[in-house]
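J.: Here it is, the structure, as structure tokens.
The values are calculated or read from the model by the stated rules, or taken from the named source; none is laboratory data. Bear in mind that the values here come from a model prediction, so they are computed numbers and not experimental data. Neighbour counts run over all protein chains shown; Cβ positions are idealised from the backbone, glycine included. Please note that ligands, DNA and RNA were not included when accessible areas were found on the heavy atoms of the full protein model with its side chains. Shrake-Rupley method; radii C 1.70, N 1.55, O 1.52, S 1.80 Å.
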Amino acid sequence: MTPKAAGAVATYVLDCEESMGRTFDIGLDALNGSLRPKAEPALLADQDLSRRGTFFLETFGCQMNEHDSEKVAGVLLARGYQQVETPDAASVIFYNTCSIREKAAQKVFSRLGEFREKQHEGKIIGVLGCVAQQEGEDIFKRAPWVSLVCGSASYRKLPELLAQLESGNHRVTGLDTDTDETFETEVTRRDHPWRAYLTIIEGCDKACSYCVVPYTRGPERSRASEAILREVRQVADAGYTEVQLLGQTVNSYADPTVRKMKFSELLLAVADVPGIRRVRFTTSHPRDFTQDIVDAIDAEPKVCEHVHLPVQSGSSRVLREMQRTYTRAGYLEKIAMIRAAKRAIAITTDIIVGFPGETDADFDQTLSLLDEVQYDGIFSFKYSPRPNTPAMSMPDAIPEEEKSRRLAMLQERQREIQIAHNKSQIGKTFEVLVSGKSRREGQWSGYTSSHKVMNFTSQAAELLGTYVQVKATDATPNSLQGEHVA
Ligand code: 5AD
Ligand code: SF4
């Protein structure tokens, strides 16, 4: 999972079930064409609405949250709600929240504060996601105008919770995390026209000492491989050519069915689905990153040559305190394994600075790790103490200014690495999936298979959603510039 971190050096915005329970029975027709990539989103203008049966959904945080929101929207659309662009136009307002760092959680409460007066307008205000799970019913105390609180492990209950509100209940909650179910929807509303996100594993069983995710998203639950492949076939039929498999620790995937498909086998099986041209996956945990995953990337060009492998710190001592389950040397072995591949695999990471007790020497180790690994991109964060986590009560907190100083140093070091690396790509030709068109005539953007942002010029009339060959002609720390060559 990689949040779109403000201030991070971010080349990458990384940013059914047979065996595991029921599905929401959602028909394709109910979804307003939402699976058709090129369709405009089903949003209506404010004045067209009667203020009943409409929802507004705002998402904070990581790609997992964004994808959960697509699924929540799918559930609501299937119940006859219509999605609107503004809270004012909505009868139900949902915030899908993030609590990975304090700032993210604060943002949610300040957003809720903006809706204090709206309670008189008879709107349902719901808090979903990690803040919902973490704060639970306390949210009703802090923001009494909220009437629904539901964590991600309970999204299956959302239709039931909404029905309770519709039948006159004032406050409803879905806060269980002890479910062994994943949040399955037959069909989701997809917000990204060219890339389909698919959750393959939910929750997290790792116990990193700084992290709220195991508390907010519950234990690991993997989806049946057959259900995943069925969804891939669906999205391919709907015209998507790129899929991104999601999980907090995506490579810890453990097929719960008798098929017992390994993660690397799943990558190959997804790539094999007719119509699929690119398979991405994020986020990988170093402990479960094995040779067969590298072999799958080498064996199948459709599996994108990019691995997001969060290290968090370059110091083995800090890694131990973080309970990351590997040492610096162990992590570097994984990097060596990836570097030994036949394809040049891009590597990105997450780093936390200012973990309690992090000394200058520890931090130097993180800087030297950047030099050693030569990451293609990093997401970097100041350590943020989170409720209920073991690190919360660790001594030797690092002062805020020192955290900021270290973050700036880290980002500067990485900037130099990225500019040098990106400049070395000038002259090479990349296949780009075109996903953006600039207002400026003839300017386009997209991603290379290694997930580099490519801005390029082309005189072609329409390129969105197509794959084109682009020759890199210039580079910045965060992107390549190029020209369309075929
Ligand atoms: N403080 C700062 N960063 C954190 N992350 C997770 N928890 C915290 C925290 N308490 C970062 C990690 C993780 C990324 C998604 O967010 O780097 O990989
Ligand atoms: Fe949090 Fe660690 Fe799980 Fe990642 S692996 S979600 S950092 S507990």
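J.: For Lys342 and Lys423, compute 0.36 nm times the residue count separating them, minus their Cα-Cα distance, and round to one decimal in nm.
T.: Result for the pair: 27.0 nm of gain on full extension.
J.: Something else: Round to the nearest 0.05 the FRET efficiency obtained for Glu137 and Ala408 when R0 = 45 Å and r is the Cβ-Cβ distance.
T.: 0.70
J.: Principal axis extents for the range 200-350, Cα atoms only, whole Å, descending order, please.
T.: Between the extreme Cα coordinates on each principal axis of the range 200-350 lie 49, 36, 26 Å.
J.: Rounded to whole Hz and in sequence order, give me ³J(HN,Hα) for the range 401-414 from the Karplus expression 6.51 cos²θ - 1.76 cosθ + 1.60, θ = phi - 60°, writing x for Gly and Pro.
T.: Per residue, the Karplus-derived 3J(HN,Hα) values read 5, 5, 4, 5, 4, 5, 4, 5, 4, 4, 5, 5, 4, 5 Hz.
J.: Using a 1.4 Å probe on the protein heavy atoms only, what accessible surface does Ser91 show? Give it in Å² to the nearest 10.
T.: 20
J.: Counting only protein heavy atoms and using a 1.4 Å probe, what share of the accessible area of the chain belongs to carbon plus sulfur, as a whole percent?
T.: 49
J.: Moving to a separate point now. Taking amide H positions as placed 1.01 Å from N in the peptide plane, with prolines and chain starts having none, which residues 5 or more places from Thr466, or on another chain, fall under 5 Å of its amide H?
T.: Val434
J.: With θ taken as phi - 60° and the coefficients 6.51, -1.76 and 1.60, list the Karplus ³J(HN,Hα) couplings across the range 139-147 in order, rounded to whole Hz; mark glycine and proline as x.
T.: 4, 5, 6, 6, 9, x, 7, 7, 10
J.: Please give the per residue accessible area of the chain, computed with a probe of 1.4 Å over protein heavy atoms only, in Å².
T.: Details: 19540 Å² over 486 residues.
Solvent-accessible surface per residue comes out at 40 Å².
J.: Now, a different point. Within straight cross-link reach of Lys71, meaning Cα distance under 12 Å, which aspartates and glutamates are found once same-chain residues fewer than 8 apart are removed?
T.: Glu184, Glu186, Asp191
J.: So, one more: Would you work out the charge dipole size for the chain about its Cα centre, treating the Cβ of every Lys and Arg as +1 and the Cβ of every Asp and Glu as -1, and quote it to the nearest 20 debye? Intermediate values should be presented prior to the final figure.
T.: Details: 59 positive and 67 negative charges, 105 e Å.
Here the chain has a charge dipole of around 500 debye.
J.: Mind grabbing the base-10 log of I(q)/I(0) for the chain at q = 0.06, 0.12, 0.13, 0.14 Å⁻¹? Debye formula, identical points on the C-alpha positions, no solvent, two decimal places.
T.: Normalising to I(0) and taking log10 leaves -0.27, -1.15, -1.35, -1.52.
J.: Now a separate question. Can you pick out the pairs among Lys302/Lys334; Lys206/Lys262; Lys107/Lys206; Lys206/Lys382; Lys334/Lys471; Lys262/Lys382 whose Cα atoms lie more than 25 Å from each other?
T.: Lys107/Lys206; Lys334/Lys471; Lys262/Lys382
J.: Could you sort Ile297, Ile426, Ile398 by their accessible area in this structure, using a 1.4 Å probe and putting the largest first? Please list the in-between numbers first.
T.: Values: Ile297 0, Ile426 70, Ile398 25 Å².
Ranking Ile297, Ile426, Ile398 by accessible area, largest first, yields Ile426, Ile398, Ile297.
J.: Next question. When the Cα centres of the range 298-339 and the range 420-462 are compared, how far apart do they sit, in Å?
T.: Computed from Cα coordinates, the inter-centre distance equals 28 Å.
J.: Can I ask one more? Based only on Cα atoms, what Rg/Rh ratio does the range 283-413 have, Rh being taken as Kirkwood's radius?
T.: 1.00
J.: Which far-off residues, 5 or more places away or on another chain, put their amide H under 5 Å from the one on Gln82, with H placed in the peptide plane?
T.: For Gln82, whose amide H was placed from the backbone, the distant partners under 5 Å are Thr54, Phe55.
J.: How far apart, in nanometres, would the label points at Lys103 and Ala460 be if each is projected 7 angstrom from Cα along the Cα-to-Cβ direction?
T.: 3.8
J.: For the range 344-486, give the share of DSSP beta bridges that are antiparallel, in percent and rounded to the nearest 5; count only bridges with both residues there.
T.: Given both bridge residues lie in the range 344-486, the antiparallel proportion sits at roughly 65 percent.
J.: Using every pair of alpha-carbon atoms in the range 130-275, split the distances into 5 Å bins beginning at 0 and state the percent of pairs per bin, rounded to integers.
T.: Spelled out per bin, shortest first, that is 2, 9, 16, 17, 17, 14, 12, 7, 4, 1, 0.
J.: Then there is this: Where does the range 374-486 land on Rg(C-alpha)/(2.2 N^0.38 Å)? Working shown, then result.
T.: Details: Rg = 19.3 Å, N = 113, 2.2 N^0.38 = 13.3 Å.
So the range 374-486 has a normalised radius of gyration of 1.46.
J.: Something else about it: Give me the extension gain from Asp396 to Ala361: residue separation times 0.36 nm, minus the current Cα-Cα distance, reported in nm with one decimal.
T.: This chain segment gains 11.1 nm when fully extended.
J.: Compute the projected area of the convex hull of the Cα atoms of the range 352-431, averaged over all viewing directions, and report it in nm² to one decimal place.
T.: Details: hull surface 27.6 nm².
About 6.9 nm², averaged over all directions.
J.: What FRET efficiency would be calculated for the residue pair Glu58, Gln164, taking the C-beta separation as r and a Förster radius of 30 Å, to the nearest 0.05?
T.: 0.85
J.: Also: Percent of Cα-Cα pairs more than 19 Å apart in the range 130-201, please.
T.: Roughly 45 percent, rounded to a whole number.
J.: Still on this model: Return the ratio Rg/(2.2 N^0.38 Å) for the range 80-143, where Rg is computed over Cα atoms only.
T.: For the range 80-143, the normalised Cα radius of gyration comes out at 1.12.
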